[in-house]
Amino acid sequence: ADAVVPLEETDRGAAQVAMQRPAVAGQHVRAAGSDVRAGEVVLSAGTRLGARQLALAASMGRSRLRVHPTPRVVLLSVGDELVEPGTPGAPDGAVFESDGHALEAAVRDAGATAVRVGVLPDDRATLKEALDDQLVRADMVVVTGGLSELAHDTVKDVLAPLGTVRLDQVAMTPGFRHGFGSVGDDLGRDRAVPIFALQGHPVAAQVSFEVFVRPALRAMAGHTELFRPSVAAEATAGWVAPPGLRQFVPATVVGSPDEGYRVTPVGDPSAPTVSALSRANALAVVGEQDLTVHPGQVVHCLVLEG
């Protein structure tokens, strides 16, 4: 036989079969190698496995694949002033904790699993105990808040002696002060876990996550594309940039590759707010050497969503 005729194209006879049309040699026959040839790479390293990719692996007879596990990220929010949203009778001066909730969603969006521990007070013993408890389940730890130089802010005192953690000023705004390193050996664990310490301001925390943490998570998960897409866009309005700092401005980008892109800052570029960031679909990035962005100037933008 050199052809296959589907049953629905016949009269479904048993002893004799009448076909609706003549069969053509090769019809409905899959030749060896017509889908995948011997030696061909069908799933490259860095490919995210979904339904379509798993179907391909199964059709190749592969019952097991070596994969990167989904990273588990522990989120700790530090500050005596923080209270959970919805807390009744919050005291004067209290600040609703938003970093953990925002980063929990950002971690999931990056393809990782988030474990939000919640609010921790500015207490050295409590923070160290929380780190010790959570490292057993963590592939990464992200701490927000407690990074100022004030005496009651405890993150620097707890993290600085541990592992390879460094606390530095980064020439960027928002964000400036950061901590990064690994912990684990100093707390009696058998492996080192990377840790990021971000500022407590919710805009700074989210910008720093996009710039530093998200690419690290993507690399841990085995992705080949680590960074958000970027486009060059023409500024529709001008603004002032701080000297010596790389500025990240919440903005909206519109346009297309054919017609070009335009970028408009949302809110005050010198003091970005949570509401401005919520309305933005990109971060306009202004270099350290630029003091002013002029209307019509081309600005590189980090695209956060389509």
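Please treat every number below as a calculation from the coordinates, not as lab data. Values in this document were obtained by computation on a predicted structure and should not be read as measured data. Here the Cβ positions follow ideal geometry from the backbone for every residue, glycine too, while neighbour counts run over all protein chains shown.
Quick notes on this structure:
- The Rg/Rh ratio of the stretch 230-303, with Rg taken over Cα atoms and Rh as the Kirkwood radius over Cα pairs, comes to 0.94.
- In the stretch 182-261, GluC sites (Glu not before Pro) in a DSSP loop with at most 16 other beta-carbon atoms within 10 Å: E225, E259
- Of the trypsin sites (Lys or Arg not before Pro) in the stretch 31-122, those whose Cβ has at most 15 other Cβ within 10 Å and which sit in DSSP loop: R37, R48, R62, R64, R66
- Value of [θ]222 nm, deg cm²/dmol, for the chain, DSSP H segments ≥ 4, -39500 (n - 2.57) each, nearest 500: -5000 deg cm²/dmol
- Rounded to 10°, Cα long-axis angle of helix 99-109 versus longest principal axis of the chain: 20
- Using the Cβ-Cβ distance between V17 and V42 with R0 set to 45 Å, the FRET efficiency works out to roughly 0.75.
- Cα gyration tensor shape for the stretch 72-220, rounded if a/c is under 1.5, else prolate or oblate: rounded
- Axis of helix 124-134 versus longest Cα principal axis of the chain: the two differ by about 10°, to the nearest ten degrees.
- Shape of the stretch 162-236, Cα gyration tensor, a/c cut at 1.5: oblate
- Sites V24 and L56, calculated FRET efficiency, Cβ-Cβ separation with R0 25 Å, nearest 0.05: 0.30
- Once divided by 2.2 N^0.38 Å, the Cα radius of gyration of the chain becomes 1.40.
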